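Structure first, then comments.
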């Protein structure tokens, strides 16, 4: 991924070996506070993930 320092434009010219996946830039400055909070897990989700399967 290359970033033009003048414009901030991102050129995604790289691929991960063995896949068709590309990196997607995330402009955090364009998100509202509610949208940023929605990106994070809730305490209940975090506790469930840490408990692991079968618990």
If you scan segment 1-37, which residues turn out to be surrounded by 10 or more Cβ atoms within 10 Å (Cβ to Cβ) and at pLDDT 80 or above?
31, 35, 36, 37
Condition first: within 21 Å of residue 26 (Cα to Cα) and part of a helix (DSSP H, G or I). Now tell me which residues in segment 36-54 satisfy that.
36, 37, 38, 39
Number of the condition not met by residue 48 [criteria: (1) touching a strand residue (DSSP E or B) at 6+ places or on another chain (Cβ under 7 Å); (2) at pLDDT 80 or above]:
(1)
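The values are calculated or read from the model by the stated rules, or taken from the named source; none is laboratory data. This structure is a prediction, so every number in the text was calculated from the model and none was measured. Cβ coordinates were reconstructed from backbone atoms using ideal geometry, including for glycine residues, and neighbour counts include every protein chain displayed.
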